[in-house]
Amino acid sequence: MPGLIFSIKELLDEVNSAAAMTNDFLDESSQDAFSELRTQLENIRYQHIDKTVEWTVSQARPIKTIPSTGEYEASSKGYSVYGTLSSVWEVRRIKPTKKKDPAKQFQLTGKASTVVKIFRSRTDDLPEAEIAMWRMEVGDDASPGCHFHVQVLGHDEAVPFPKSLPVPRLPSVMATPLAVLEFLIGELFQERWRKHVNADTHATQRWRSIQRDRLTKLLHWQKTQVDVKDGSPWSALKMAKPDPELFALV
Amino acid sequence: MASRRKSARTSAGILIVDDSLEDAQSKQGLFRGRLSTVAKTPDDVTVQDLKSADLVLIDFVLDGWLEQLAIATIANVPKDGRALAAVLRSQCDPVWPPTAFALHSARLNQLAGAFPTRPRPHVIARTNNLEWAFSKLAAENSQPFDEQVIQLAAAVAELPRSWPASDEKKMRRTVGQLLGLEPKAGWADRAWRTIDDCHPPLHEFATATHGLAFLRWLLHQILPFPTFLWDTRQLAARLRVTPHSLRAALNDDQKVRRALRPFRYSGVLGSFLGDRWWRSGIEDFLWQKTAAKSFARDALRDFVVKLSASLQIIDLAQPVVVFDEHLQAKDVLVDVSEAVQLMPDDWPAFADPAWASRSDVTDDEGLRSLAVRRDDAEA
């Protein structure tokens, strides 16, 4: 079964609203990442390149949060950390009905991985160090495990979680790199982020509309998968592949 | 109703107003054969002069004229060229074709605030209800004074007799022509989106001002900033080459010139503040030339090296253009990790961020006051 289809316009809106909403929580260098995501989407939309291309946040220039000094805990006590996010989505534009029109959608064709890393900030006594890493991924036709899943580490053979052991694939509800970004910021700034997103700005409104629609569709799809008459609901969910039009706009 | 038909004059015209007729006539010499000019002292300016001019160029200091004025009441005495511009503008009938007003002065710093110390013409113009402020000091004009005046007058002359706001297609065609946007360019549609994102005044503002609001938008909010148009430094940052080598290549290397020519901005005010480049066109071009890897450093470098060996690649992860303590762009690009974002008052929300190097911000109080702070804890 072919990969998921996404609306380019909706992704552009998602990028723009994420850029506005997360600005206070991100390092200045991250603004370029949003600009690049936007430009790549416009390129995919307008250029008639009908092969797989990448929509990426470069590992060399990741989105980077400001330091969180213990705000990842309710007590707000802890050492200073910051997070980075990079991603690679392999996509192909879907040809519009009229050849010369801009494309409205693209389809996942392979890799759809968002990498999150947490770094302990440098102190007088300790150097900066990567202390956590996970990948949120959207599977493809051949991938085992939940279609939307998280893998911890697994980028080399170091233990724990070496690359040669690709499990566990923990179920996830984050579909896009920007949704993963909200997750990351929400984890590092538990209370501050919660208060921040309660402000009713234009960006938050648009973000809410997109995420609510997508999460509703995803959760509804998951619910229908577990409604089985025989076997294990969990196995059913784990094996299920969504219809490519799951997130298509009506 | 007086009307000025485009066909009645063969070129744009300017009215030069100075307290010294000799100085005004001396300025006329700069435009001989290129513009029709009229030189007057303030007392001698007539309604017909204003009607006929595309641009009124007014000296800022008018002491010579003011000293001779017999009128005692302050309401009747414009204190300087800025005030005189307002008086003369008020004499222009709204049904006439538009007339732009600009100051000309060696003392623009008197109109600038305490910071930055070097006057910024678009800020002075914007805060004084003028289209532009030209300096008599060559170093303060980014391009030769006479060329800028000719371009501004020509831009006004190109405005349509009546702004076609009620006809969307015609209006878009008009704007496209003014911006020199080739409708058949493969990237034209996306360029339009980026133009729309910058809120051009296309409806009531443009109608009420016969399109002058559109020129002001270009002069005050677009050309000085990285928006849908880039200057050569911004283009260099995108290509990851030094601005100096890019300028040299554009001058000397035919292959570079030919490759980038389709994306050079050639609309009104085309080189008013130096060359400008269509951002959408450049992005479209790079996506094609790098097989859809236009942000991958290696792919971009390979393309640039193939384009010209004279282009000097810079080895920065994320190069950005930075401003100095005078809010003038520097020619040396800096990595964003060594930069601090600024928020000057005049910086449009739709423009790319403004940056200064960390070291400059540390050393300069003015830049520090503009730095965006990101680590304030919210309540």
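The values are calculated or read from the model by the stated rules, or taken from the named source; none is laboratory data. Just so it is clear, the model here is predicted, and its values are computed rather than measured. Backbone-built Cβ (ideal geometry, glycine too); neighbour counts: all protein chains shown. Areas reflect the complete protein model, heavy atoms only, side chains present, ligands, DNA and RNA absent. Shrake-Rupley method; radii C 1.70, N 1.55, O 1.52, S 1.80 Å.
Here are some notes:
- Candidates B:ALA309, B:ALA349, filtered to the one that is surrounded by fewer than 16 Cβ atoms within 10 Å (Cβ to Cβ), in a loop (DSSP other than H, G, I, E, B) and more than 12 Å from chain A (Cβ to nearest Cβ): B:ALA309
- A:ALA60 vs. criteria out of contact with any strand residue (DSSP E or B) (no Cβ under 7 Å at 6 or more places or on another chain), free of Cβ contacts under 8 Å to residues at least 12 places away in the same chain and open to solvent by 10 Å² or more (accessible area, probe 1.4 Å): yes
- Yes/no for B:ARG161 being surrounded by fewer than 20 Cβ atoms within 10 Å (Cβ to Cβ), closer than 20 Å to B:ILE222 by Cα and basic (Lys, Arg): no
- Within the stretch A:1-25, the set of residues being within 9 Å of another protein chain (Cβ to nearest Cβ) and of a type outside the set (A, V, I, L, M, F, W, C) comprises A:ASN23, A:ASP24.
- For the stretch A:9-30, the set of residues classified as within 28 Å of A:ARG92 (Cα to Cα) and touching a strand residue (DSSP E or B) at 6+ places or on another chain (Cβ under 6 Å) consists of A:SER30 only.
- Near pairs, Cβ below 6 angstrom, 6+ apart or cross-chain, from the stretch B:177-197 (away from chain A (no Cβ under 13 Å)) to any residue that is buried (at least 16 other Cβ atoms within 10 Å of the Cβ) and β-branched (Val, Ile, Thr): B:LEU178/B:VAL268
- Consider the stretch A:216-230 and keep the residues that are assigned to a loop (DSSP other than H, G, I, E, B) and open to solvent by 70 Å² or more (accessible area, probe 1.4 Å). The one that is nearest to A:VAL173 (Cα to Cα) is A:ASP227.
Quick grid of which residues meet (1) modelled with pLDDT of 95 or more; (2) assigned to a loop (DSSP other than H, G, I, E, B); (3) under 23 Å from the mean Cα position of the chain (by Cα); (4) small (Gly, Ala, Ser):
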residue: B:LEU235; (1), (2), (3), (4): yes, no, yes, no
residue: B:ASN251; (1), (2), (3), (4): yes, no, yes, no
residue: B:PRO262; (1), (2), (3), (4): yes, no, yes, no
residue: B:VAL268; (1), (2), (3), (4): yes, yes, yes, no
residue: B:GLY281; (1), (2), (3), (4): yes, no, yes, yes
residue: B:ASP284; (1), (2), (3), (4): yes, no, no, no
residue: B:TRP287; (1), (2), (3), (4): yes, no, no, no
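- Scan of the stretch A:91-106 for residues that are of a type in the set (D, E, K, R), touching an Asp or Glu at 6+ places or on another chain (Cβ under 8 Å) and surrounded by fewer than 19 Cβ atoms within 10 Å (Cβ to Cβ), ordered by number: A:LYS95
- Scanning the stretch A:186-205 for residues that are away from chain B (no Cβ under 13 Å) and not polar (S, T, N, Q) returns A:GLY186, A:GLU187, A:LEU188, A:ASP200.
- Top-ranked residue in the stretch A:43-52 [being touching a residue at least 40 places away in the same chain (Cβ under 8 Å) and under 21 Å from A:LEU4 (Cβ atoms); ranked as farthest from the other protein chains (Cβ to nearest Cβ)]: A:ASP50
- Meets criteria (more than 10 Å from chain B (Cβ to nearest Cβ), assigned to a loop (DSSP other than H, G, I, E, B) and open to solvent by 30 Å² or more (accessible area, probe 1.4 Å)) for A:THR109: no
- Taking the conditions (1) away from chain B (no Cβ under 11 Å); (2) within 24 Å of A:LEU126 (Cβ to Cβ) in turn, A:THR65 satisfies each one other than (1).
- When residues in the stretch A:123-167 are screened for being in contact with a Gly (Cβ under 8 Å, 6 or more places away or on another chain) and assigned to a loop (DSSP other than H, G, I, E, B), 12 of them pass.
- Filter result for A:GLN40 (free of Cβ contacts under 8 Å to residues at least 24 places away in the same chain, open to solvent by 10 Å² or more (accessible area, probe 1.4 Å), within 10 Å of another protein chain (Cβ to nearest Cβ) and not charged (D, E, K, R)): no
- Residue selected from the stretch A:139-186 under the condition among the charged types (D, E, K, R) and touching a strand residue (DSSP E or B) at 6+ places or on another chain (Cβ under 8 Å), by the criterion surrounded by the fewest Cβ atoms within 10 Å (Cβ to Cβ): A:ASP140
- Qualifying positions in the stretch A:26-37 - surrounded by fewer than 23 Cβ atoms within 10 Å (Cβ to Cβ), within 10 Å of chain B (Cβ to nearest Cβ) and not charged (D, E, K, R): A:SER29, A:GLN31, A:SER35
- As for the stretch A:195-212, it holds at least one residue that is farther than 25 Å from A:ILE131 by Cβ, modelled with pLDDT of 90 or more, under 16 Å from the mean Cα position of the chain (by Cα) and of a type in the set (Lys, Arg).
- Number of the condition not met by B:THR232 [criteria: (1) under 20 Å from B:GLN318 (Cα atoms); (2) touching a residue at least 60 places away in the same chain (Cβ under 8 Å); (3) in contact with an Asp or Glu (Cβ under 6 Å, 6 or more places away or on another chain)]: (2)
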